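Working notes, beginning with the structure itself.
The values are calculated or read from the model by the stated rules, or taken from the named source; none is laboratory data. Quick caveat: nothing in here was measured; it's all calculated off a predicted structure. Don't worry about glycine lacking a Cβ; one is built from the backbone with ideal geometry, like all the others, and counts go over all protein chains shown. Side chains included, ligands, DNA and RNA excluded: accessible areas come from the protein's heavy atoms. Shrake-Rupley method; radii C 1.70, N 1.55, O 1.52, S 1.80 Å.
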Amino acid sequence: MAASTMQQQSPIQILFIVHQPGLRDSLAQVLGGFGSPLRWTSANTPADVSQVLEAQLDLILADPFALDQGDSMAYYKALRYRAGATPLIALLPADTPDYRDAAVQMGANYTLAWSEIATELLPAMERLLGRKRLINGMSKHIENAADLGAPVGASAFNAANLSLAERSRREIERLSEHLSPPSRAADMQPANDLSSSHTAPVSQAVFLRGLALSAAASISSDTARIIRTACNLNCGSHFCGLNVTVRGGEVVKIEAADFPDPRYRRLCMKGISHVQMQAHPDRLLTPLKRKGKRGEGEWEPISWERALDEIAEKMRALRAEFGAESLVFLPYSGQLSALNGMNGVYLRLAAALGASGTSLREYGIDSAIPSGIEDTLGAGSGYQSNHFTDLPNSRLLLIWGGNPAQSHMNWWNFFLEAKRAGARMVTIDPLFSLTASKSDEWLPIRPGTDLFLALAMLRLIIENNWMDRDFVLRHTVAPLLVREDNGEFLKVRDAYRNAWIGRSQNGDQARCLVWDAEREKALSSQEAKSPVLSGQYVVAGISCRTAFDLLCDMLKPYTPELASTKTGLETGQILRLAREYAATKPARIVTLYGIDRWNHGATFGRLAAMLAAFTGNLGVRGGGVGVGASPGSTLSASEFPTPNGRRHRPINPLLLPEQIISEKPYPIKSVFVAFGNWINQLPDQNRLLREALPELDLLVVADHFMTETARYADYVLPAATFFEREDMVKGPGPYVQYQPALVAPRGECRSDFEIAAELAKRLGCGDVFEKNPREYLAEILASGADTRHIALDDLRAQGVMERRLPPEWEVAHRDLQFNTPSGRVEFYVERLLPFGRALPGYEAPLEAFAENELAARYPLVCLMEHSRYRVHSTFSNAPWLRELETEPRAAIHPSEAERRGIAEGDLVRVYNERGQVVLRAHLNQAVPPGAVYLSQGWQSVDFQDGHTQSLTHARGNPANALGPNSSFSDVLVEIEKAEGRLP
Amino acid sequence: MTKRYVMVIDLQVCTGCNTCSVACKQENNLPEGVWWTQVVTLGVNGNDSPAGEYPNLFMDYLPLGCQHCANAPCVEVCPSSATTRTEDGLVIQDPTLCGGCRYCMLVCPFTGVRVFAGETLRYSLPFPTGDNPIVHRPSTVEKCNFCAHRLARGLLPACVEACPMVARTFGDLNDPNSEVSELLRTRPHFQLLVEKGADPSTFYLT
Ligand code: SF4
Ligand code: SF4
Ligand code: SF4
């Protein structure tokens, strides 16, 4: 960014207030090295200084003792005031804290000892001159305060910026045209008098009641209790420890709780907002049964007994007719606690029933890059990479297709630590993201072209011999011989069908062979002393080439020039990047889920893993590659082991609608959604709603709010929040934390444990929940090698305890054992032969590529971002956060807006053949031309019309190891002004 | 020696996440639409929008609250003594004394740090959040009090405690051993609008 911060056209004007000629000379010499043209003037008397101040001035360099001005403190204070935004650097003859403090007092913006000039002056100048644009920005802010998007006092109350309460009331009215508002109010918010204050202006009396309460509850530490718990949302899995203040039975305040390692003491604006979510007037408080048609919004409050009886009865009937597998349990990542969370009670119930379900390994989302990593680095390693606490050991961080400063905000500290320790941070992203703005370098790549860059980098690294040859030979499939006839690795059994070689045993028949240069024959890699990297050999009549040669052939077309044409980056940038990545050790590739949302996500995962392997950046501190930062056993999703090893029948949610419609391979008749917002978060919403949903006989949703999914349910069950039931979380990093039930459940809410247990009882498998939650928590602790030493009572008392992790646990693949068929890093994958993708060559996007003829009608790539103010759809109704992010917006580049006659804040329709969404336009230079950025997670109630998920499609890549994955961003759209076209 | 409380905010570190703003909302039970600290994006088009032209862009975040000026013009003009400056350098706003004339908002050089609470105050919850016993009153001016109620209990301001990036540091500039003194001694920094002569107590590290 350094170049862009200097926006000066004319030379920078500097004033020297320096007495010593020697000092002046050395300053002049140092300043000669400054990147931009400079002009300096010297002043020796106060009168001279005054005169110089008349003209434009950018910087003052002053020796406070240089002028004979009497009280220098008073003089400089006055000078500071006169000079305004012009920064002043004080040059001290001697470096003592007293001198420095005095310089700060007199208003110096930076203090330097003479001896430091050579090293410190230029960087400080750059930062301080950069601040002039801050000051200008500040003045601009003052001028534009009235137009600011963020609510600033009174302006928050003007008509254009409706209060949240008014907005949500209008949206709800719009959505519930069919039903009479009173019945909704009665159903949804029984006995909640505050709902009125959400829909009508609060009277003085209500306000005073707040006061009365505050007096009655007397805010003091004696009436409040502070209880520790842990946040369990899937926000990037921070699992912040929370100190919760409970007063009068209500959660009134949330602060960060301590950890043995103080770097984990943190929370975020969402974590604080649990205060508002917990007591939210829209919380579901009683079980609801649908009255009208699905989605009409007419509900009958019913008792738990009746709800559970009826649901169980329907499930039993469906099981009898269509088999237990026709019942699907979809526990999502909305809660990540051990019992009441994704891998918890509902999967146990599904396992006991023999029903279908979905866990992290068949997720259909966030699994493409992990699929590629699984293929390359071995089964089970898809989500592994070095832990975030290892970041400070890296010297180069390549952040590729992710925005961790925003999406993993509470791990960002470790990135900052890396930066402070001297790591360079390079971000590759089409969007000028928050992370890009904080990086040393940003490479603005064209959306969907990352494979070209990765392939070119790999080609450059191999061609220029920048690779770690030893690592490549020993730990990758590079030297393995590949049969030219069928593309498989040459195995012992192929070459020596009737013979024994060396000490090979029967079990070694599947071993792959390399060509040994010394013995001039094919040997298993264990035996070969001098395996070759290149060459063509005929073994037992079978013609073979090394995998390395095949790779090199494959890479030939991917020149930096081609990559430059495709990615929009300059050839020089690509060369520099490849060289820097290969030469800087250790270097780490941090990729999150940006490229995962494309058809070629898995291939990108393979190439990223290969880049790490070819540069020897695997299994070392500061190295690595991957989507998250969970080495080995530290995956934060804990397991609730199923009884007798039974498992649910895995279902990929991406394919679920298709299966519901086609009944293939078997019919699905009931879906139970928990901790998630299925209809909001999965692609191709229109097809799901119009074609799949009518085929379901039962849809049950357990949640805290009437979500997009709950609106279509037959039964809605009010679930307890994590403040209202007992549980624990595995995380962050090396910790386990306890979650006490610290307030009573609101209304009739029940924990998911209770819900699952009650259903199990009615479905004939009550035995799998016969113990109480605490006993199961103790069992889960006892079943993990890392948690076996932790007694639940100790955990309850301490709140947080450390898991027992192996030494060097932060480093993934530290043993360099790869769980692939060959035991090596596999850039050549036999499993993918039927797909023609044994090598990770270029793979086109499904939809969003320039040559696609669809692009004539839908020319914009539609990318889905995550907001920092929400976790998917959770918190979209949190009032404090809603004030910060008032509504969904479509962000486009001003040039695209201009072409379509769209101005800031206009209502626009984003559409394609599948669907549409109507929302406001936001003109943003951070967005590349040719793209529109939407923020995922908003629900229908938040849009003017339509839904972002109606634009997306459910086509996943069938070759992925972890199953097809949603390509949310591999989507083309067009955008137009919506005025007059609103329904 | 008396204290001079100052806030030092590291702009290299701040990500504009607004955790501080929300922590302040919570601690002080601020009504809807009222923010005592907010984060301004120094770009061109509102929040999280950079300046420049793609791909030559830059973006900075500026957390902005009352600057607790040493020469606070608001203190001079307030006709009801609702705004006062303590010996420790806190500029305190007492809504129980404020008559709502908004002179202070006129003279304050920093738009938005003083907030005129609307005619009706709205809250999303039926109980007050946080630990500040403040009484919010409609049609009065409010602002950050540097969490005086927390300082009195030996705690740091809520926004300082909450910042997950540790961008905010609070302390006594008159104490040479304080963290804030050390930071200002060693890091390039600036105050806002020094030419207005108010001498703010908020310093930004750049
Ligand atoms: S909490 Fe910290 S990082 Fe976030 S906006 Fe506030 S000062 Fe910046
Ligand atoms: S910033 Fe404004 S309100 Fe705060 S002390 Fe200064 S003049 Fe007063
Ligand atoms: S010091 Fe306290 S009142 Fe002031 S902005 Fe921070 S949290 Fe709010």
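So here's what we get for this one:
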quantity: 20 Å cut-off, amide nitrogen to a point 7 angstrom out along residue B:77 Cα→Cβ, residues in the stretch B:89-109; calculated: B:91-109
quantity: Proximal charge balance of residue A:235 [Cβ under 13 Å; K/R count +1, D/E count -1]; calculated: +4
quantity: Accessible surface of residue A:511 - all protein chains present, 1.4 Å probe, nearest 10 Å²; calculated: 80
quantity: Accessible solvent surface per residue of the stretch B:5-205, calculated while the other protein chains remain in place, 1.4 angstrom probe, Å²; calculated: 31
quantity: Above-threshold pairs, the threshold being 19 Å between Cα atoms, out of A:438/B:25; A:291/A:314; A:491/A:556; calculated: A:438/B:25; A:491/A:556
quantity: 1.4 Å probe, heavy atoms, protein only - residues of the stretch A:907-943 losing at least 50 Å² accessible area vs chain alone; calculated: A:925
quantity: Rg followed by Dmax, in Å, when the stretch A:312-430 is reduced to its Cα trace; calculated: 20.1, 65
quantity: In nm, spacing of pseudo-spin labels at residue A:81 and residue A:309 (7 Å Cα→C-beta vector); calculated: 8.2
quantity: Solvent exposure, largest accessible area first (probe 1.4 Å, DNA, RNA and ligands not counted), of A:687, A:831; calculated: A:831, A:687
quantity: Where GluC sites (Glu not before Pro) fall in DSSP loop in the stretch A:757-790, at most 15 other Cβ within 10 Å; calculated: A:770
quantity: Probe 1.4 Å, accessible area per residue of the stretch A:487-609, Å²; calculated: 42
quantity: Amide H contacts of residue A:399 (H built 1.01 Å from N, under 5 Å, at least 5 apart or other chain); calculated: A:426, A:427, A:428, A:590
quantity: Fraction of beta bridges assigned by DSSP in the stretch B:5-205 that are antiparallel (%, nearest 5); calculated: 85
quantity: For the stretch A:340-352, Karplus couplings with θ = phi - 60° (6.51, -1.76, 1.60), whole Hz, Gly/Pro x; calculated: 8, x, 2, 9, x, 4, 6, 5, 5, 4, 4, 5, 5
quantity: For the stretch A:569-658: rounded, prolate or oblate by the Cα gyration tensor [a/c cutoff 1.5]; calculated: oblate
quantity: Computed over the stretch B:5-205: relative contact order in percent, which uses C-alpha pairs under 8 Å that are six or more apart; calculated: 30
quantity: Occluded residues from the stretch B:159-206, i.e. those whose accessible area drops by 40 Å² or more once the chain is not alone (1.4 Å probe); calculated: B:161, B:164, B:165, B:185, B:188, B:189, B:190, B:193, B:194, B:195, B:206
quantity: Whole-Hz couplings from phi, Karplus 6.51/-1.76/1.60, listed for the stretch A:49-62; x for Gly and Pro; calculated: 4, 4, 5, 5, 5, 5, 8, 5, 9, 10, 7, 10, 10, 10
quantity: Derived scalar couplings ³J(HN,Hα) [the stretch B:19-34; Karplus, 6.51 cos²θ - 1.76 cosθ + 1.60; whole Hz; x for Gly, Pro]; calculated: 4, 4, 4, 6, 4, 5, 3, 5, 4, 9, 6, 6, x, 4, x, 9
quantity: Magnitude of the charge dipole, chain A, Cβ model with Lys/Arg +1 and Asp/Glu -1, debye to 20; calculated: 660
quantity: Neighbouring partner chain Cβ atoms per residue of B:78-90, average, 10 Å criterion; calculated: 0
quantity: Förster radius 30 Å - calculated FRET efficiency between residue A:469 and residue A:493, Cβ distance, rounded to 0.05; calculated: 0.50
quantity: Mean separation of Cα contacts under 8 Å, 6 or more apart, over the residue count of chain A: relative contact order %; calculated: 14
quantity: The stretch B:5-205 - percent of accessible surface contributed by carbon and sulfur, probe 1.4 Å; calculated: 50
quantity: DSSP-defined antiparallel bridges as percent of all bridges, chain A, nearest 5; calculated: 50
quantity: Whole-number percent relative contact order across the stretch A:415-494, with pairs defined as alpha carbons under 8 Å at least 6 apart; calculated: 15
quantity: Gap separating the Cα centres of the stretch A:572-616 and the stretch A:9-80, nearest whole Å; calculated: 48
quantity: Extension gain from residue A:36 to residue A:261, taking 0.36 nm per residue of separation minus the Cα-Cα distance; calculated: 76.6 nm
quantity: Net charge over other residues, Cβ less than 15 angstrom from the Cβ of residue A:424 (K, R count +1; D, E count -1); calculated: +4
quantity: Sum of side-chain charges, residue A:412 neighbourhood, beta-carbon under 11 Å (Lys, Arg +1; Asp, Glu -1); calculated: +3
quantity: Cα gyration tensor shape for the stretch B:1-71, rounded if a/c is under 1.5, else prolate or oblate; calculated: oblate
quantity: Buried on assembly, the stretch B:1-19 (at least 20 Å² less accessible surface than by itself, 1.4 Å probe); calculated: B:12, B:13, B:15, B:17, B:18, B:19
quantity: Helix-only [θ]222 nm of chain A, DSSP H runs n ≥ 4, -39500 (n - 2.57) each, per residue, nearest 500; calculated: -8500 deg cm²/dmol
quantity: Scaled radius of gyration (Cα, divided by 2.2 N^0.38 Å) that the stretch A:853-977 gives; calculated: 1.07
quantity: Sequence of A:809, A:114 when ordered by accessible area, the most exposed leading, probe 1.4 angstrom; calculated: A:114, A:809
quantity: Accessible surface, per residue, of the stretch A:2-144 when the full set of protein chains is kept, probe 1.4 Å, Å²; calculated: 45
quantity: Rh by Kirkwood over Cα pairs, then Stokes-Einstein D for the protein assembly as shown at 0.890 mPa s and 25 °C, µm²/s; calculated: 76
quantity: Approximate spin-label separation residue A:94-residue A:519, in nm, with each point projected 7 Å along Cα-to-Cβ; calculated: 7.7
quantity: Between B and A, accessible area buried - total, square angstrom, nearest 100, 1.4 angstrom probe; calculated: 8200
quantity: Carbon/sulfur fraction of accessible area - chain A, other protein chains in place, 1.4 Å, %; calculated: 50
quantity: Of B:193, B:42, B:57, the one that fluctuates the most in a GNM where chain B has Cα springs shorter than 10 Å; calculated: B:57
